[in-house]
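Just below is one structure, and these are the notes that go with it.
Since every read-out is calculated from the coordinates, none of them should be taken as a lab result. Worth saying up front: this structure is predicted, and the values here are computed from it rather than measured. Cβ placement follows ideal geometry from the backbone for every residue including glycine, while neighbour counts extend to all protein chains displayed.
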């Protein structure tokens, strides 16, 4: 997978047939986002889901780059868990996801203080 | 203890892979040691889990931290609980027993008054639910479907779908909730509800009628989206919530596919027309919705004018610059060709144009589609394009080349405008892509030659072959077909100038000494064919000088390094000395084999699943059928197919078993044994003996191709798994292919042995396992044939033994996963 995808040219299509599934990928500068989907799934929609994930990360991290994600991968996973469960999109509103993430980040902060003083 | 940040830094700052490994190993050891401390406090545990997750991202083993995750997620602190659940989702999976330890924590947290804590538990359950967890916790999820929090409701709907998937009996519980959920306005909850509907529809057949009654509710939401104005929260580039749009259409597609009596069809058709018209000129997400709408049109039996419009949209996609839309267009055209063959044909030029695309994904789709639209009228024109494609493609397309040669040969059988043309095409293909023919396709070509009754045409073809092979001698397929034709028809094509007995012997000599093939198996096969051709010609040549050269040719192989070739040469030398009358009968021309129907192969996806089951049986045994020997039919597993061409050699002797007995000077008892003797490595003879040790095979067994259908699982101990692929079942016999797979990620499993037993009234034949040492992820197969009373059940008791890490393991289990009866 990591051998094939980076070699593909920008104009090529973002779907690769891989074993009995399909890989749908999207490249943002040096970052690749890859999703593995079933055969009967909508490839174009998968691209939109990736796009949505990246947009939200961009807002949460503020101009997301590779290092942001590496050094705070927890947050990246948390965002994904608010967007998708078990491969199914759970929320189609960007602002709703952002709201839920920021609440939970705040809760982490405040409970952090509580445990320190408790 | 160092922080996560400094651990990440230290890994990133390494300069070589060895340094990186060392840094990782050091930290991993530290984490393990720390986990052993019974008094580990929570903040340290948290840090350890964070590092463990980084190890997970790097692809390192993390199993030793599983229990620690569970300890962390019971923490009263939200941040620790959040991390604990996240880690659980990532490093546990549903196959682990440790999941049962999770039941209690999930149960507690699902009841939490804090919606975010309950949300964490829901996400976790949705991602890693096992059937056990589903049974234990469905009531919690059910009550969360009624909660007042939309945040939890939307998560609960998706989790409910997951639980139904894991435990289909739960469909009954959740189906009752759907009507009220479907009335929701929240897009999140609707997305989940639609997923729940689809999952229940898939898992529970009795639900179909109930769910179909809910179609008007789904249509209402779709109508709202199709007519609604701008909504900043959900719109994407001017398209109203494309995620919901697609989910609604997809659900309709699932529910109504093949439903002949759909009372809502007219309303749906109207809506689809409206959607297509509205989105026709949009971009990006609009295409995704349009694409889904087209798939829905063809799934739900829409009106024919709508279907033509669907094909029109796809052809528009095809003409766009964006390769993604072109890809899905080609893909969808392939699936709609059965509905609208004429409409698809109209876009032939565009499809063929895509063959030249720089992108392999597009080329693959275009190729498959090209074969799908092929018929008697256009075969000439399409073949021209395909042959051009074959000649032009680079080495990266090897897989495609084999696909083309196979499909085109089959198409020649099916749609040929004339045998003359077929021979021309096949020879042209052999010439430019002779190294990309599968063995069974070569057999088919040979069969075609034998079936042809027009002697002039045969002569012409053989001359063409001889000419072609002078230039393209490194094309394996061409070489095999040429040598074989020479053996069969060499005496027919003699003329006084160009083709003489001497020149034919020269050709054989060249092939025998050819060293252009890297693979020894190919080289040996060419030698075997050459020897047979030489022997056959020796009985028909008139010039004693050339006959003597042929004798020398065979004689020279007596010391070949390959045992098979050597044996053959020695046997042939014996036959050479026999009187002419015996030889004449023995070396007679082959009778034409009966015609067989072939089924095409698919490059990918959809059709492979069903077709690959029947394919090996249908194409593989074309030549096996020739000798009237029951055993040859038995082993229809892949290896047999791979080596059918070798059997042609045994065929030659099939009719003359008795002469052979004396000639070879060996103690043999009948036809079967002679076949064994002459085709020593041919697995077609294998089933006659119960177990043959793999070492006796001189030609390496072929890897089972990737397209092997998913076996019915019979056993899995996380080291190896055993499953069965049913072949033919019925008429008092069953053939199965046993599939053994190494399930570990890094250990080699050795000394695999499989013993099988059937019930008293059945008989069992086993072929040897293809490999008894398996690398991680590797697969070995074995053929199984069961005969017995018609109507009896297929039941197997299997004993499997293997060695891993110096330890011997033996296991016994039963298999009765096949529903068909003998």
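Some observations on this one:
- Ranked list, fewest to most other Cβ atoms within 10 Å of each Cβ, for B:245, A:53: A:53, B:245
- Cα→Cβ-extended label distance, 7 Å offset, between residue B:94 and residue B:213, nm: 3.0
- R0 of 25 Å, Cβ-Cβ distance residue B:757-residue B:789: FRET efficiency to nearest 0.05: 0.90
- Peptide B:90-97, shielding by other chains (average Cβ, 10 Å cutoff): 0
- Residues B:532, B:710 in ascending order of nearby Cβ atoms (within 10 Å, fewest first): B:710, B:532.
- Sorted from greatest to least, the principal axis extents spanned by the alpha carbons of the range A:1-68 come out as 37, 24, 19 Å.
- Considering only the Cα atoms of the protein assembly as shown, their convex hull presents on average a projected area of 43.3 nm².
- Cβ neighbours within 10 Å from other chains - mean over A:9-16: 6
- Volume in Å³ per residue [convex hull over Cα atoms, computed for the range B:350-478]: 96
- Radius, Kirkwood style, for the range B:209-271 when every pair of distinct Cα atoms is counted (Å): 12.5
- What the Cα atoms of the range B:712-815 give is an Rg and a Dmax of 14.0, 44 Å.
- Modelled spin-label separation between residue A:41 and residue B:108, with each label point placed 7 Å from Cα along the Cα-to-Cβ direction: 3.4 nm.
- Cα convex hull of the range B:417-469 - mean projected area over all directions, nm²: 3.6
- Segment residue B:15-residue B:135, extension gain: residue separation times 0.36 nm, minus the distance between their alpha carbons: 38.2 nm
- Here B:347, B:187, B:208 are placed in order of increasing Cβ neighbour count within 10 Å, fewest first, which gives B:208, B:347, B:187.
- Inter-site label distance for residue B:274 and residue B:57 at 7 Å from Cα along Cβ, in nm: 4.7
- Computed E for residue B:816/residue B:257 - FRET, C-beta separation, R0 30 angstrom, nearest 0.05: 0.40
- Gyration tensor (alpha-carbon) shape descriptor, the range B:283-395, a/c threshold 1.5: oblate
- Pairs of Cα atoms farther than 21 Å apart, chain A, %: 47
- Set of the range B:401-435 residues, backbone N closer than 20 Å to the point 7 Å along the Cα-Cβ line of residue B:498: B:420-432
- Estimated at 0.36 nm per residue, the fully extended path between residue B:322 and residue B:74 surpasses their Cα-Cα distance by 84.3 nm.
- Projected-area average for the range B:408-526 over all orientations - Cα convex hull basis, square nanometres: 7.0
- Selected from A:45, A:89, A:12 as most flexible by GNM, with chain A as the system and alpha-carbon contacts under 10 Å: A:12
- Using distinct alpha-carbon pairs, which all enter the 1/r mean, Kirkwood radius of the range B:446-594 in Å: 15.6
- Computed FRET value (nearest 0.05) for residue A:103 with residue B:335, which takes r as the C-beta separation and R₀ as 45 Å: 0.55
- Label-zone membership for the range B:719-751, site residue B:807, 7 angstrom Cα→C-beta point, backbone N under 18 Å: B:719-721, B:742-751
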